[in-house]
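Readers should treat all values here as calculations from the given coordinates under stated rules, not as data from a laboratory. Note that the structure is predicted; figures quoted are calculated from it, not measured. Please note: Cβ atoms are built from the backbone with ideal geometry, for glycine as well, and neighbour counts cover all protein chains shown.
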Amino acid sequence: MEVQVAKILRCRDVGVDCDFVTRGGTVEEVMEKARDHACSDHGFLGIPPELADKVMAAIRDEEAASA
């Protein structure tokens, strides 16, 4: 049985002065939460493609993120 490692994203890891942190079971779940946050807290209509690459690169396994 494979253990699924939670994913984590910190807004600061994308270069934004923001304390938002989100977790999810998959990269897709974290991206969805990040999109919702970007819209509600940063006034975006979505995550622009040029920022989406940076966000994807900042998503880490939670174990690695806390090390």
task = Tell me the GluC sites (Glu not before Pro) within the stretch 1-55 that lie in a loop according to DSSP and have at most 11 other beta-carbon atoms within 10 Å.
result = Glu2
remark   = At R0 = 22 Å the Cβ-Cβ FRET efficiency linking Leu45 and Arg23, nearest 0.05, sits at 0.35
query = In what order do Lys33, Lys7, Lys54 fall by count of nearby beta-carbon atoms within 10 Å, going from fewest to most?
reply = Lys54, Lys33, Lys7
query = When the convex hull of the C-alpha atoms of the stretch 7-66 is computed, what volume per residue in Å³ does it have?
reply = 71 Å³
query = When only C-alpha pairs under 8 Å and at least 6 residues apart count, what is the relative contact order of the chain, in percent?
reply = 39 percent
